[in-house]
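In what follows, a structure is listed as structure tokens, so that the remarks can point back to it.
The values are calculated or read from the model by the stated rules, or taken from the named source; none is laboratory data. If you're wondering where the values come from, they're calculated on a predicted model, not measured in any experiment. All Cβ positions, even for glycine, are placed from backbone atoms using ideal geometry, and neighbour counts span all protein chains on display.
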Amino acid sequence: MSSSSPSLADAGLTGGYDGNSLALKIIIAFFLGLAMYNVVELLVLILATFNRFRGLYFWSLIVSSLGIIPYSLGFTLKFFSILTGSAKWVPIFLLTIGWYCMITAQSVVLWSRLHLVVTGQRGHEILMWTKWMIIIDAIILHIPTTVLTIGSNGNSNTEVYARGYNIMEKVQMCGFFVQEVILSSIYIIETVRILRYSIHGNTKRLMYQLIGINILIIIMDLGILALECASLYILQITIKAAFYSIKLKLEFAILSRLVQYVGGRRQASSQPPITLSDVEARSGSTAGREENGVTEYVNWKEVKTDGTRTSQLVKKSPLSKHIVRQVDIEIEEFDYDEIPPSQAREPTVNVPKQR
């Protein structure tokens, strides 16, 4: 183990923590233990929720969750100097593999559900560019940091590698921070667009939750970045593990609901769900018409019976036509599927009597 500065800024960088602060040791054990506990709980939820263990979303969740365990375990062994001599490379290997999985796979979790809020040619381009952003960031940020990590914990020129690591650590932290901000911002922007046109209460509630969770993710990333910029290495590492486990639980909760409501799995039902064409056929009128590029929709849930009008027309742009069909109508289908067949009834429209 190389002789490192006893200051908190350098502690744990080139070896274990050699200080006498009991409070710091408790913080290390608490946050790294909390991260591993959250992962175990999340893995149980994932395995209990998914019926079929396949797909990019499922496997990115599994890989990112499992990555937190070797990451936390590796730093626990390293900071407390549990393994010494040639065995010191075991925690370095564990934390490096865990770091790869924890950081990049979590971005893949966000990316894998991005197609639920972006559509069309513009959505295809967003998906393509964000995919390459994740791949390129993984290459140019993971590899140099790994080389400097190994050098900093080696037996020769550790101070040179440590200075390089201090710089590269800040660079990669900023790089991954920008990456997650971009992904979270896309969710926020696109959900705001949906909220502008959505008239369904469940859709709005879900979109507000999606916005709130992505803002919270950005705030947590800012906190980790602030610790790194302050050169509080041990605090940054330990809190990062806990924050990433919390972020994963939040993402799993809201993205799973997004999958369920927007084109996700629907529970099997003997009756087909009510679609827009069904409503048109039953009502004997058109639910939408194109006129000079403007589309009008009848919101059948808001039909009035006060004798003043029999329907409420909501003018939408061509963009809202796709959004309302994809989000509002599909959510109504999901809600309809949840009604037991014995309680299902035909939708009726009460037309006021002519005076």
Count of segment 178-218 residues which are free of Cβ contacts under 8 Å to residues at least 60 places away in the same chain and among the aromatic types (Phe, Trp, Tyr): 1
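Go through the residues of segment 246-256 one by one and say whether even a single one is in the same structural domain as residue 167 (by TED's automatic domain parsing), more than 21 Å from residue 49 (Cβ to Cβ) and either buried (at least 21 other Cβ atoms within 10 Å of the Cβ) or in contact with a Phe, Trp or Tyr (Cβ under 6 Å, 6 or more places away or on another chain) (or both).
No.
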Contact list, first residue from segment 28-43 and at pLDDT below 95, second anywhere and not in a helix (DSSP H, G or I), beta-carbon distance below 8 Å, six or more apart or interchain, is 28/17; 28/80
Are any of the residues in segment 229-251 over 26 Å from residue 67 (Cβ atoms) and either in contact with a strand residue (DSSP E or B) (Cβ under 7 Å, 6 or more places away or on another chain) or not in a helix (DSSP H, G or I) (or both)? no
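Residues checked against (1) assigned to a loop (DSSP other than H, G, I, E, B); (2) of a type outside the set (A, V, I, L, M):
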position: 68; (1), (2): no, no
position: 74; (1), (2): no, yes
position: 77; (1), (2): no, no
position: 83; (1), (2): yes, no
position: 92; (1), (2): no, no
position: 110; (1), (2): no, no
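Which residue out of 114, 141 is under 15 Å from the mean Cα position of the chain (by Cα) and crowded, with 18+ Cβ neighbours inside 10 Å?
114
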Segment 171-193 - residue that is among the hydroxyl-bearing types (Ser, Thr, Tyr) and farther than 15 Å from residue 225 by Cβ and, of those, surrounded by the fewest Cβ atoms within 10 Å (Cβ to Cβ): 185
Hits in segment 218-233 (condition: in contact with a Leu (Cβ under 7 Å, 6 or more places away or on another chain) and either buried (at least 19 other Cβ atoms within 10 Å of the Cβ) or at pLDDT 90 or above (or both)): 227, 233
Among the residues of segment 156-170, what is the count of those that are surrounded by 14 or more Cβ atoms within 10 Å (Cβ to Cβ), out of contact with any Cys (no Cβ under 7 Å at 6 or more places or on another chain) and not small (Gly, Ala, Ser)? 6
Just to check your reading of the model, which residue among 71, 57 is in contact (Cβ under 8 Å) with a residue 40 or more places away in the chain, under 17 Å from the mean Cα position of the chain (by Cα) and buried (at least 16 other Cβ atoms within 10 Å of the Cβ)? 57
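Is it the case that residue 62 is closer than 26 Å to residue 112 by Cβ and either surrounded by 15 or more Cβ atoms within 10 Å (Cβ to Cβ) or at pLDDT 90 or above (or both)?
Considered against the rule, which asks whether it is closer than 26 Å to residue 112 by Cβ and either surrounded by 15 or more Cβ atoms within 10 Å (Cβ to Cβ) or at pLDDT 90 or above (or both), residue 62 comes out as yes.
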